[in-house]
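In what follows, a structure is listed as structure tokens, so that the remarks can point back to it.
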Ligand SMILES: [Zn+2]
């Protein structure tokens with residue numbers, strides 16, 4: 001699945017709900033999803049995958065609401081770390 005396909009799937013799955021609740025609430029949903037992965041290391045692999053996919057879906061929901069094409073947005077990483085410009089990253 002490409003990022004564009006994921007964005008389309010997430011729009012079909014949650015686009016109406018997200019439009020009704022608004023971008024701020026979707027961002028709060030991401031915060032909730034991140035909180036849910038705080039014990040990731042203690043879980044079985046399938047549960048880890050499910051929890052992390054939830055984070056990706058919330059990020060994708062935010063991208064959809066913000067009008068961001070994630071395939072295009074990731075151009076910032078094509079040539080290395082967007083902060084230091086190196087690959088591998090040399091920040092810190
Ligand atoms: Zn860096």
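Read-outs: derived from the displayed coordinates by stated rules, not from any lab. Quick caveat, the model's predicted, so the values are computed rather than measured. Using ideal geometry, Cβ is built from the backbone for each residue, glycine included, and neighbour counts are taken over all protein chains shown.
Quick one: go through the stretch 48-92 and flag any residue whose amide nitrogen is under 12 Å from the point 7 Å out along the Cα-to-Cβ line of residue 23.
62-68
Quick one: which of 69-77, 13-21 comes out on top by average Cβ neighbours within 10 Å, and what's the full order, highest first?
13-21, 69-77
Any idea what the alpha-carbon Rg over 2.2 N^0.38 Å comes to for the stretch 1-45?
Relative to the 2.2 N^0.38 Å estimate, the stretch 1-45 comes out at 1.43.
Find, to one decimal place in angstroms, the Kirkwood hydrodynamic radius of the chain, where the mean of 1/r is taken over every pair of different Cα atoms and then inverted.
14.7
If contacts are Cα pairs under 8 angstrom and at least 6 residues apart, what is the relative contact order of the chain in percent?
31
Can you pull the one-decimal nm distance between simple spin-label points at residue 73 and residue 16, each 7 Å off the Cα toward Cβ?
Placing both labels 7 Å along Cα→Cβ, they lie 2.4 nm apart.
Pick from 61, 38, 53 the residue whose mean-square fluctuation is largest in a GNM of the chain, springs joining Cα atoms under 10 Å.
38
What is the calculated FRET efficiency for residue 39 to residue 66, with r their C-beta to C-beta distance and R₀ = 25 Å, to the nearest 0.05?
For R0 = 25 Å, the calculated efficiency reads 0.30.
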